[in-house]
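The values are calculated or read from the model by the stated rules, or taken from the named source; none is laboratory data. Everything numeric here is computed off the predicted structure, so don't read it as measured data. Don't worry about glycine lacking a Cβ; one is built from the backbone with ideal geometry, like all the others, and counts go over all protein chains shown.
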Amino acid sequence: MVRADFVIVGAGPAAIAAAETLRKTEPDKSIALISRENIPPYSRMALPYVLTGQIDQNGTYLRKGQNYYKDRDIKIYHATVTSIDAGQKLLHLESGASLGYGKLLIATGASPVKPPLPGLDLPGVEHCWTLDDAKAIADRAGDGANIVLMGAGFIGCIILEALVACSAKLTVVEAEDRMVPRMMNTTAGNLLKRWCEKKGMTILTSTRVTGLSDVDGKLKVDMDNGQSQIADLVVVATGVKANIDFIAGTDIEVNDGIKIDHHMQSNVEDIYAAGDCAEGRDFSTGYWSVHAIQPTATEHGHIAALNMTGRIAYYKGSLNMNVLDTAGLISSSFGQWQGVEGGETTESLDAENSRYTHLAFEGDRLVGALTLGRTENIGILRGLIQSRTKLGVWKDRLMKNPNRIAESYIANTQL
Amino acid sequence: MAWAGKLLRVDLTAGTCVSEPLNMEWAAEYLGQRGLATRYLMNEIDPKVDPLSPENKLIMATGPLTGTNASTAGRYSVITKGELTGAIACSNSGGFFGNEMKNAGWDIIIFEGKSDKLVYLMLQDDKAELVDAADYVGASCWDTEEGIKAKHGDQFIRVASIGATGEKGVKYACIVNDMDRAAGRSGVGTVMGSKNLKAVAIRGTLGVTVKDREKFTQAVIDGKKVLADNPVTGSGLPTYGTQVLMNVINEVGALPTNNHQDVQFDGAHDISGEAMHEPRKSDGKPNLVSSAACFACTIACQRVSTIDRTHYTVKERPEYHKASGGLEYEAAWSLGAATGVNDLDALTFANFLCNEHGIDPITFGATLAAAMELYETGVINDETTGGVKLSFGSAEALTTMLEQTCKSEGFGVELGLGSKRLCEKYGKPELSMGVKGQEFPAYDGRGIQGIGLAYATSNRGACHLRGYTIASEVLGIPVKTDPLETEGKAGLVKAFQDATAAFDSAGICIFSSFAWTLDDVAPQLDAACEGEWSTEKLLEVGERIWNLERQFNLAAGFTGADDTLPARLLKDAAKTGPATGKVNELDKMLPEYYSLRGWSPEGVPTGETLTKFNLS
Amino acid sequence: MQKTLHINVDDCTGCYQCVLACSDEHDKSFNPMKSRIQVFKFEDEGRFVPYTCTQCDEAWCQKACPTDAISVDANGAKVVSDALCVGCKVCTIACPFGTVNYNASSGKVIKCDLCGGDPACAKACPTDAITFVNADTAQFDKMRNWAGKTDAGTQQSA
C-alpha cells in the first residue's frame, strides 16, 4: 500500500498552497495530492476567462511550470476518494486502491447544487464549474444566443460577465429581491441591476424558475411570474455545497463545511481542512463560516500545512470579502458590511455614475464595507478592517465623506 | 501629441457640450493656453461686449506641456474679457486642475452664453454634462470642492469653482482650484458667476503623450537640473516661497506702503518669509507648516501655513485651526504693507478667507488701502464703514472688512467694487493705485523704474506677471540692471513681456523663468510638440500674442492714453530708501517702448507689425 | 544586496514627479491613473505622502492570484505578468495596503515592480523623499513597520 507523510485531497488553491508550504518546511517528507480531474491543478476562478477566450486551458493552471510539482517532489494522483478510515489513517479510492497518510488535509472544494426542478438534466443546461462545463457553454453561447442564467449570486455574476462578453442575449433570474444578495445591500443590488439593464440584459429578481422543458430543440424556461422564456442555453448558478460526501462514516464534525479550529484541524486528530469545503473562523464574528474565496483558501492551506508539520500556527480567521466585475461595474464587499449592533454606518451614493461606498463601523474601527464603481486602493478596506485600526478623527471624516478611505488609512499609518 | 487636439464648447444657454477639433494652425502660431485661447476669444466675441453679458465668453485653457512631467507643467489659464478691467483677462493657476483637464483629453474649454440656473460642468474624460448646482448656491470654494468630490464619491476629481463673491458680482472674484490655487486677477470669477457657472469638476484618465519620448525625457531632466542648481528656484523659493522678496524689496525701497504713500514698511520683517519660519509665542510652532508643489513642479514655492490658535481671528473658530495655503509675497504685501498691517496671523487668516471665498487678495488689499486713505482723509467716515475704523495698520479693519466683502455685506459691498470704482464713487479717482482698472501688485514703480513701464503697458492692467523685470532690476536675472535707471528698460520690458507670453502659452509656470530662459524651454517644447520649436520661434509667438492682446484692448476701446500710471507715482517722489526723491519716469520709456514694439506714437500696432505677425 | 524603496514623508512636496515618472516608465504616457505610486495630500495637515507597494514578505497579492500571474523577481519585487493576469481583481482586495490596482483600460492589475531594480520614481524625486536603498540599512520605513504590526492574516510561533 502506498503511504505519504502528508496527503492532500483536492487540487485547488488551498491544496497547492498547503503542498508548497509543506515542501518548504519539510523538505524530506513525502507529499501526495489527490486530484479528481485528470488535468494539472487549475483555478476554477479562471474559468470564466476561458469562456471569454482571454486565456486557454493552460492559463487556468495554478502553477505554470511543466514539471512544477515533480521538481518539488509533490506527487499527484488522479483519483477519487470514496471514504476515510480515520483509525487506520487510510483513504479508500474509487479504483479500489487505498492510500495511507500521516496527516491529512481535505481541500476538496465545493460543487454546484442543482435545485430540484424538472428539466435540469436536459442538454443545454450547464453549470460553469469545470473546464468541461466552460467548454460546453462556450459552444452554445455564440453571437446572439439566448441565455438564461439561473442565480445572480456571486458565482452567477462572475459567469454573467463572461456570457455578456460572448455577445449573448442574457436573462438573469434571481429568487431573492436583489442581485448578489450576500455581498450587496438593496442600494447596491439595485444599482447593479440598473447597470445590467442598461447593458441590455433582462434582470428578473424575486423570480424563480419553476421548470425547464424541450421545445423544438430549444429550452423553455418557466418562471413563477407566469412567464416563460425560450433559451439556447441555461446556466445554473444557484449555489454550491462542500465536496465532503466521502467523509461520511467518520466522526468529523460538519456544518456547511468541515468545522475547523484556529489551526485548521478538524475535531479528528491529524485531519485538517482548508478552503471552500472548510468552515473556519470568521475574522469579523469569531463564528464559523465558509468563505469561498481564493485568499481564504490559500491562507487556510498555508496555516494548515504549518500545523501539519508540528509547528503551531494560529489563524485569526478569514475576512469575508469579494470583488466582482459585472459587465464593467466593479463592486467589492468586506467583512460586516451589514453593520453591527451599536455600530454606525455611512454611505455615499452617486447613482448617475453608479458609484457607491458604504462603510460600517464599530466604535472608531471599520468592520465592513461595500463599494460600487470604485477600484482605487480598495484593498485598504481589508487593511483597515483586519488591522482593527483605530481611526480617531478620521472616523468622523469618513462618516462625512466615506470616499476618503485611502487617506484615513494612510494618515493613521504613515503620518 | 502634447496637445490633446480637442476643444470642448459648452453652451450654457442651451445646456449643451460639444467637442470640436482644436485649430492646429492656430496652435502652431499661438502655442496654447494664453495665446491660443486669446486667439479664440478674439475671433468669437466683440471686444466691446459687456464682460458680464452672455455675449462674453470664458475660456479655460491648458498649454501643450500641461500634464507632462516637465517641471511646473501643470498650469492652466482663464481667458475672458475681464470685469475688473474691461480688458483682455488671462489669469493663470497651478495646482492640479490643468493637468486633470489635459488628462481628460481637452486643451481648451469655451463657456458661452448664460445658464438659467446655477450649474457646474462635470467632465469625466469624454463625458461632459452640466449638473444642477442648487446645493452649492452661496457656497464657498472650499465647500463646493469638497461637496462635489463627496457627491461623486471620487477624491481624485479636481474642481475649480467660484465662491459667493463670484455669484454676487464682487468685481475681483477668482476661480479657485485645489483649495488654495487661483486664477486670481481681473475678475475672471466674476465673469464665471455672471454665466451661472459655479464650478468645473474634472476627472481625467486618458494620459498625455509627447512627440519624441526619449528626447523629451532628456530635455526634462536637463530643465530640472537648471532649476535645482539655480539659487532662486533651487533654494530661495523652496525655503521662503515668493515671500523671500519681502525684505529684499523693502530694502530696495520699492515696497508700496499705506496705499503707495510710502515705499518702505516698518513692519516688513514681521510679515516676511523669514518671519513665517520663526516660532510663535503661543505654541512654539512657526506659521509655516510645509512647502508644497503644484503638479510636476520641482521648485515647490507654495506655502502651507497655520494661524496661531490663540489669535483673535480664530480663537472661537476651530474650523480655521487647520493648515492651508499660506501667504505668497503679493498677498502678504497687499493685505499687509499696502494697508500698513504687520500682524502675520491676521494676514494668514485673511489669505485663508480669500482662498475660501474666491477673491483676489491683491485687489482686495489695495482697495482696502485706498479706502483707508479715503477714511483717514475724511472722505468717508464711520457712517460709511458701519463704524469700523479704517485706519492704516489696523488688523481688525482688515479682517472685518474682508469678511464683509466675502459676504457682500455692509461696506464690504463697496469694497467689492475694486479701488477704481470705489475711488471714483467718492470723487477721488487719483487714490486708486492701478492701471486700466486693476490694482498694482507689490513693487513700486518709483524704486524700480522698469516695472512701472511694465505696469503701464500690461495688457491685463497693472500686473507683475506680464513682464517681471524685477528679475533683472533687483535679482540680476538674467543680467543685473539698475532699478533707478530708465535707459534700456523699454527693451527689457518688451523682452520680458514677449518671453512671458511664450512661457504662459506653453503650460509652464512663469516662476521657472527665474532659472530658465526660452533656451531651456524650447528643447522641451520641441521634443513634446509637433513642429519645430526654437527660441526664435517662441519669441515670435510671444510677440504675436502680445500684439493680439493689444488688438483686443484697442478694439475694446482702450488707447495709448491708458498706458499710464497714477499721478502719485509720476509726481510724488519716494520719501525714503534708495529711491528717495524719485518718481517713475514713464515718459522717458514709453515712446521707445512703442517704437520697439512697432507701434505708432499713439500706441497702435502699425500695419507692418500686424502683417509680420499675421494679425492683419 | 536587496534594495527597497525608502519613503521620507517629511521631504515630500506633493509634486507628482514620481507619479509621472512611473506612468511614463510603465505606460509611456503621463497619467496619474496609470502610476504604481500615488501621492496623497493631507490638506488640513499640510502633508504629502507618496504611497506604493513595499514588496511585503506576506505577498498577499501573490497568494490571492488564481492564475499564478504574480511572481517574485530577482530584486524581491512582486511582479504581475500581463500575459497571465486575467483581471479578476482578487489581488486588489487581498492586498491590505491597497497597492495593487485594477487598470480598466488594459483589463489587468498594476503594481509597483521596482522598475526591474532601478525605480523611476526615486530618480525623479527632486527632494530625495523617495530613495532606493539597501534593505538592511536599518531605515525601514513606516509602512513596512506597520506591515509587521498588523494582525491581518497569520500569526506564527515556533
Scanning for something more than 14 Å from chain C (Cβ to nearest Cβ) and out of contact with any Gly (no Cβ under 9 Å at 6 or more places or on another chain), does segment B:62-75 turn up at least one residue? no
Could you list all residues from segment C:73-96 that are within 13 Å of C:Cys53 (Cα to Cα), in contact with a strand residue (DSSP E or B) (Cβ under 9 Å, 6 or more places away or on another chain) and more than 9 Å from every other protein chain (Cβ to nearest Cβ)? C:Gly76, C:Lys78, C:Val79, C:Val80
All but one of (1) out of contact with any Phe, Trp or Tyr (no Cβ under 8 Å at 6 or more places or on another chain); (2) acidic (Asp, Glu); (3) touching a residue at least 24 places away in the same chain (Cβ under 8 Å) hold for C:Asp27; which doesn't? (3)
Out of everything in segment B:529-542 that is crowded, with 23+ Cβ neighbours inside 10 Å and among the aliphatic types (A, V, I, L, M), what residue ends up being farthest from B:Asp222 (Cα to Cα)? B:Val541
B:Cys141 versus (1) away from every other protein chain (no Cβ under 14 Å); (2) surrounded by 24 or more Cβ atoms within 10 Å (Cβ to Cβ); (3) not aliphatic (A, V, I, L, M): which is the lone unmet condition? (1)
Somewhere in segment B:109-124, is a residue of a type in the set (Phe, Trp, Tyr), in a loop (DSSP other than H, G, I, E, B) and either in contact with a Leu (Cβ under 6 Å, 6 or more places away or on another chain) or at positive phi (or both)? no
If we take segment B:383-487, then helices (runs of 4 or more DSSP H) inside it with 1 or more residues that are at negative phi and not assigned by TED's automatic domain parsing to the domain that holds B:Ile510 are B:395-407, B:412-415, B:419-425
A:Ala138 - would you say it is farther than 19 Å from A:Thr238 by Cβ, part of a helix (DSSP H, G or I) and either touching a residue at least 12 places away in the same chain (Cβ under 8 Å) or of a type in the set (S, T, N, Q) (or both)? yes
Scan segment C:37-72 for residues that are in contact with a helix residue (DSSP H, G or I) (Cβ under 6 Å, 6 or more places away or on another chain) and away from chain B (no Cβ under 14 Å) and jot them down. C:Thr54, C:Cys56, C:Trp60, C:Cys61, C:Lys63, C:Ala64, C:Cys65, C:Pro66, C:Thr67, C:Ile70
State which residue is farthest from C:Asn31 (Cα to Cα) when the search covers only segment B:195-212 and only residues that are surrounded by fewer than 22 Cβ atoms within 10 Å (Cβ to Cβ) and in contact with a Ser or Thr (Cβ under 9 Å, 6 or more places away or on another chain). B:Asn196
Is it true that some residue in segment C:106-118 is within 20 Å of A:Ile385 (Cα to Cα), more than 9 Å from every other protein chain (Cβ to nearest Cβ) and among the small types (Gly, Ala, Ser)? no
For segment A:349-388 the number of residues that are closer than 24 Å to C:Ala94 by Cβ, part of a strand (DSSP E or B) and without any contact (Cβ under 8 Å) to a residue 60 or more places away in the chain is 10
Tell me the residue from B:Val159, B:Val131 that is in a strand (DSSP E or B) and within 14 Å of chain C (Cβ to nearest Cβ), please. B:Val159
Could you tell me whether A:Asp56 is surrounded by fewer than 17 Cβ atoms within 10 Å (Cβ to Cβ), charged (D, E, K, R) and more than 14 Å from chain C (Cβ to nearest Cβ)? no
Pairing a residue in segment A:299-326 that is closer than 30 Å to A:Lys198 by Cα and facing chain C (nearest Cβ under 9 Å) with any residue that is outside any strand (DSSP E or B) and of a type in the set (Lys, Arg), where Cβ atoms lie under 7 Å and the two sit 6 or more apart in sequence or on different chains, gives A:Met321/A:Arg382; A:Val323/C:Lys89; A:Asp325/C:Lys89
Go through segment C:10-37 and report how many residues are part of a helix (DSSP H, G or I) and either within 15 Å of the chain's Cα centre (by Cα) or buried (at least 24 other Cβ atoms within 10 Å of the Cβ) (or both). 13
Among the helices (runs of 4 or more DSSP H) contained in segment B:205-289, which hold 3 or more residues that are within 14 Å of B:Arg303 (Cα to Cα) and within 14 Å of another protein chain (Cβ to nearest Cβ)? B:237-240
Evaluate segment A:272-295: report whether one residue or more is more than 13 Å from chain C (Cβ to nearest Cβ), in a loop (DSSP other than H, G, I, E, B) and more than 27 Å from A:Gly151 (Cβ to Cβ). yes
Taking segment B:488-528 and the residues there that are in a helix (DSSP H, G or I) and of a type in the set (Val, Ile, Thr), the one that is surrounded by the most Cβ atoms within 10 Å (Cβ to Cβ) would be B:Val493
Quick check: is even one residue across segment B:299-312 assigned to a helix (DSSP H, G or I), within 30 Å of C:Cys15 (Cα to Cα) and more than 9 Å from chain C (Cβ to nearest Cβ)? no
Of everything in segment A:43-53, what is within 7 Å of chain C (Cβ to nearest Cβ) and part of a loop (DSSP other than H, G, I, E, B)? Give them in sequence order. A:Ser43
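A quick yes/no check of all residues on (1) closer than 21 Å to A:Met201 by Cβ; (2) touching a residue at least 12 places away in the same chain (Cβ under 8 Å):
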position: A:Pro112; (1), (2): no, yes
position: A:Leu117; (1), (2): no, yes
position: A:Asp121; (1), (2): no, no
position: A:Ala134; (1), (2): yes, yes
position: A:Asp143; (1), (2): yes, yes
Positions within segment B:318-350 being without any contact (Cβ under 8 Å) to a residue 60 or more places away in the chain and within 14 Å of chain C (Cβ to nearest Cβ), in sequence order: B:Pro318, B:Glu319, B:Tyr320, B:His321, B:Lys322, B:Ala323
Based on what the data block shows, is B:Ser408 under 19 Å from the mean Cα position of the chain (by Cα), within 17 Å of B:Thr190 (Cα to Cα) and not basic (Lys, Arg)? no
